[in-house]
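First the structure, in the form of structure tokens, and then the observations on it.
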């Protein structure tokens, strides 16, 4: 009996060691991220331990299979929410009933524009849950994204031109303006809002029929799919809009926090083979990307935004000789250490409303 117990214990120990080894050193999936760096500082202040727990949870061996099985089981039992994602027919919608507001974001923007001499514009973009909120059960709608955007705009300084993206997208909700497996808008959704934004910025928009649309992949599985691994969710299209005969990019460079420069392009097709296909737009994330075109008007635009902005920026190249795109979530230094904002006569903030929340 004792021998049998010892054998069972050894088998269990071997299983634990195997799973741990695969988790830490095996081939990573969509949620992998980076293994936390070990330094004296983060080891002794506890940051390494916290990062390791988060990394292990995201990369646990068999994680995707377990989540997928759980999603199928709960769906078959009539449960529609898996890992904070509501499963509605062929669409996934993020749900989060935690109270949030955008006051801190509004204060930060107001403080920044006090020292900026150009014209400032702001676009807050709803998530797919904001536009398709009517698909969610009423008990999940404590406050709508429309109300949150309105509150943000009310708190922004009067000098900032607020541009309404919500009603444009809501009106076009029968179209393919949001991914089914992701909370973000599609390139077509971005184009629909571009038509209004660019007029506010003082230009005539390029008409839809001027573009040739290339479907780069029909197998994009976004952030909501990653949370649920719900196999019934149909993969999405990632598109590139090309304007033959229009303005062209003459130079595109990215800069990291150390000032190192990298050759970039509006579209990085190699990212389709990576774990994060969405990096097709502007390539891997960097705090600053500078784009120069052959538009001969000496107009310069500074864009500060998030992942909603990366597929929006390509539409702007027809109108400006230079565009600088800042990703605040990648920045480890102050903005003026990357560039002088006053070198740009117009400034466009473009963020998903979910990026602007604070608890």
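Points worth noting:
- Within region 262-275, the only residue that satisfies the criterion of being over 19 Å from the mean Cα position of the chain (by Cα) and exposed (fewer than 13 other Cβ atoms within 10 Å of the Cβ) is 263.
- Selection within region 149-173 - touching a residue at least 12 places away in the same chain (Cβ under 8 Å), closer than 29 Å to residue 111 by Cβ and in a loop (DSSP other than H, G, I, E, B): 156, 157, 159, 160, 165
- Test: residue in region 174-194 that is in contact with a strand residue (DSSP E or B) (Cβ under 8 Å, 6 or more places away or on another chain), surrounded by fewer than 14 Cβ atoms within 10 Å (Cβ to Cβ), in the same structural domain as residue 124 (by TED's automatic domain parsing) and part of a loop (DSSP other than H, G, I, E, B): no
- For region 87-104, the condition holds for at least one residue, the condition being that it is at pLDDT 80 or above, in contact with a helix residue (DSSP H, G or I) (Cβ under 9 Å, 6 or more places away or on another chain), in a helix (DSSP H, G or I) and in the same structural domain as residue 233 (by TED's automatic domain parsing).
Here is a yes/no grid of residues against (1) modelled with pLDDT under 95; (2) crowded, with 18+ Cβ neighbours inside 10 Å; (3) under 16 Å from the mean Cα position of the chain (by Cα); (4) in a strand (DSSP E or B):
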site	(1), (2), (3), (4)
233	yes, yes, no, no
252	no, yes, no, yes
284	yes, no, yes, no
292	no, no, no, yes
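- Region 174-187, residues that are in contact with a helix residue (DSSP H, G or I) (Cβ under 9 Å, 6 or more places away or on another chain), more than 16 Å from residue 316 (Cβ to Cβ) and in contact (Cβ under 8 Å) with a residue 40 or more places away in the chain: 176, 177, 178, 179, 180, 181, 182, 183, 184
- Residue match in region 299-309 (condition: free of Cβ contacts under 8 Å to residues at least 40 places away in the same chain and either surrounded by 18 or more Cβ atoms within 10 Å (Cβ to Cβ) or out of contact with any helix residue (DSSP H, G or I) (no Cβ under 9 Å at 6 or more places or on another chain) (or both)): no
The values are calculated or read from the model by the stated rules, or taken from the named source; none is laboratory data. Note that the structure is a prediction, hence the values are computed from the model and not measured. As a convention, Cβ positions derive from the backbone with ideal geometry for all residues, glycine included, and neighbour counts pool all protein chains shown.
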